[in-house]
Amino acid sequence: MEHWITEVMDKFGYMGIFLLIAIENLFPPIPSEVILTFGGFMTTYTGLTVPGVILASTVGSLFGAVLLYLIGSLLDIQRLEKIVKRWGHILRLTPEDLHKANDWFAKYGLWTVFFCRFIPLIRSLISIPAGMAKMNFGVFIVLTAVGSFIWNAVLIYVGSRVGASWETIVEYMDIYSNFVYAGIAIAAIAVIVWWIRKRMLKRK
């Protein structure tokens, strides 16, 4: 995949960076770390500039995030409630569980949308619950733009400084991503265990 990504960027420049980052938001398995650090490296031997690459990648991030936000807005709480009422018994979900999650996002959503821009995988997916919660679109755009700008700018700048050694940065980011994925998995298991125990206590 890395070879394909670098080929697209070499061939299409800023437009390639924009498209790849937009696609990365929609399909998180595509590694933004490769796109951004290689984009920084490209500024050392092509006509691309660091500000230009940051701008193209940030616009791409916004484009992908807005699409996911719109998808989330179609999955409003009322529609999900109907689904849960019909099928929730399989996963032991209730409409009350949905409303609790929705209330939590309404309370902490601003900070969540911003800080999740620095977390692999979650960085993209967080736009969906933001749309579901009908988060103020202008606020969503600002938080997404600022968070994405910081993430993109750091990796692009580092890529421009290390030059041909940009793959070393990708290796370090892979380690960071693995720790994050492990943390997400542990948290998910902990939530499942807590939820099962809660249900068992209710039955008793």
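Listed values, structure above:
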| item | result |
| --- | --- |
| For region 134-142, 3J(HN,Hα) per residue [Karplus equation, 6.51 cos²θ - 1.76 cosθ + 1.60, θ = phi - 60°, Hz, x = Gly/Pro] | 6, 4, 3, 5, x, 5, 4, 4, 5 |
| Per-residue HN-Hα couplings for region 65-74 [Karplus 6.51, -1.76, 1.60; θ = phi - 60°; Hz; x = Gly/Pro] | 5, 5, 4, 5, 4, 5, 4, x, 5, 7 |
| Estimated inter-spin distance, ALA145 and LEU26, nm [label 7 Å along Cα→Cβ] | 2.2 nm |
| Approximate spin-label separation ARG161-LYS134, in nm, with each point projected 7 Å along Cα-to-Cβ | 4.5 nm |
| In Hz, Karplus ³J(HN,Hα) per residue of region 30-41 (6.51, -1.76, 1.60; θ = phi - 60°; x = Gly, Pro) | 5, x, 5, 4, 5, 4, 6, 5, 5, x, x, 4 |
| Stretchable slack from TYR45 to LYS107, in nm (0.36 nm times residue separation minus alpha-carbon distance) | 17.6 nm |
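No value in this document is a laboratory result; all are computed from the given coordinates. Quantities reported herein were computed from a predicted structural model and do not represent experimental measurements. Quick reminder, even Gly has a Cβ in these numbers, built from the backbone with ideal geometry, and neighbours come from all protein chains shown.
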